[in-house]
Amino acid sequence: MELALRIAGYHCIAGVDEVGRGSLAGPVVAAAVILPPSCTIEGVDDSKLLSARRREQLDLAIRAEAMAIGFGTVQEEMIDSLNILQATMLAMRQAIAALSPPPDFVLIDGDRSPNCPNPHRLIPSGDRLCFSISAASILAKVTRDRIMLAYDLTFPQYGFGRHKGYGTSEHLSAIARFGVSPIHRKSFKGVREYV
């Protein structure tokens, strides 16, 4: 996809993806990355298909090669205020806006446009189909996992370091036992029952 766009005259092509939409706690994080035309990093794939150790290795490799990286983070209060879809779109816009140099074309994972001003294309399952989106998915996942590991130190009773805030049976049991923490999404099923 990137090659076809370069042939069409685009030079700074960004891939964008997000993580954390389905989590019950913590932020939604989006990453945007512009990679040089010659970039080939072996093993880049949908972050969900990679081990945590491999994601960390690839995160370093992507950062070393990237022309630009941008992140967007929307916290749980804003997620509850906007709704998760709008919060995700906001995180993507933030990530794209943080790129320097700015992109002249953006490839976005999914089927919903974040209303970015740049020319862009939506690619469902883009994290499996498009190199730059796969790279963005890895950056976003590693960044969000680090955030949740830090929260695990503050709220160890919930097990954030293991499930990263997703609705596992361990996490749901912890919410039932300990109540809702400040980083839980109060509007989400599985959490709102205990608010």
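Observations on the model:
- Among the residues of segment 180-194, the one identified as loosely packed, with under 12 Cβ neighbours inside 10 Å and either under 22 Å from Ala150 (Cβ atoms) or touching a His at 6+ places or on another chain (Cβ under 9 Å) (or both) is Pro182.
- Residue satisfying all of: in segment 163-177; surrounded by 14 or more Cβ atoms within 10 Å (Cβ to Cβ) and free of Cβ contacts under 8 Å to residues at least 12 places away in the same chain; farthest from Arg53 (Cα to Cα) among these: Thr168
- In segment 2-46, the residue that is nearest to the chain's Cα centre (by Cα) out of those that are under 14 Å from Gly70 (Cα atoms) and part of a loop (DSSP other than H, G, I, E, B) is Leu35.
- Residue that is without any contact (Cβ under 8 Å) to a residue 24 or more places away in the chain, aliphatic (A, V, I, L, M), closer than 16 Å to Leu139 by Cβ and surrounded by 14 or more Cβ atoms within 10 Å (Cβ to Cβ), where the choices are Ala61, Ala32, Ala14: Ala61
- Against the conditions (1) within 26 Å of Glu56 (Cα to Cα); (2) without any contact (Cβ under 8 Å) to a residue 40 or more places away in the chain; (3) in contact with a helix residue (DSSP H, G or I) (Cβ under 7 Å, 6 or more places away or on another chain), Phe160 satisfies every one except (2).
- Residue selected from segment 67-98 under the condition in a strand (DSSP E or B) and aliphatic (A, V, I, L, M), by the criterion surrounded by the fewest Cβ atoms within 10 Å (Cβ to Cβ): Ala68
Let's see how each residue does on (1) among the small types (Gly, Ala, Ser); (2) touching a Ser or Thr at 6+ places or on another chain (Cβ under 8 Å):
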site: Ala61; (1), (2): yes, no
site: Phe71; (1), (2): no, yes
site: Val74; (1), (2): no, yes
site: Glu77; (1), (2): no, no
site: Ser81; (1), (2): yes, no
site: Ala87; (1), (2): yes, no
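- Looking only at segment 170-193, residues that are out of contact with any Leu (no Cβ under 8 Å at 6 or more places or on another chain) and either assigned to a loop (DSSP other than H, G, I, E, B) or over 16 Å from Pro156 (Cα atoms) (or both) come to 10 in all.
- Entry remark, segment 105-153: residues being part of a helix (DSSP H, G or I) and surrounded by 15 or more Cβ atoms within 10 Å (Cβ to Cβ) number 22 in total.
- Annotation note: Cβ proximity below 6 Å between a residue of segment 129-155 that is farther than 17 Å from Gly110 by Cβ and a residue that is among the hydrophobic types (A, V, I, L, M, F, W, C) and modelled with pLDDT of 95 or more (sequence gap 6+ or interchain) occurs for Thr143/Val29; Met148/Phe160; Tyr151/Phe160; Tyr151/Ile183; Asp152/Phe160.
- From the options Thr73, Thr40, residue that is among the β-branched types (Val, Ile, Thr) and closer than 24 Å to Ala4 by Cα: Thr40
- Which numbered condition Ser51 misses (of (1) free of Cβ contacts under 8 Å to residues at least 12 places away in the same chain; (2) of a type in the set (Gly, Ala, Ser); (3) within 25 Å of Arg192 (Cα to Cα)): (3)
- Taken together, the residues in segment 79-111 that are more than 15 Å from the chain's Cα centre (by Cα) and not aliphatic (A, V, I, L, M) amount to 10.
- Residues of segment 48-78 satisfying the condition of being of a type in the set (Asp, Glu) and under 16 Å from the mean Cα position of the chain (by Cα): Glu56, Asp59, Glu76
The values are calculated or read from the model by the stated rules, or taken from the named source; none is laboratory data. Since we're looking at a predicted model, the values are computed, not measured. Note: ideal-geometry Cβ built from the backbone for every residue, glycine included; neighbour counts use all protein chains shown.
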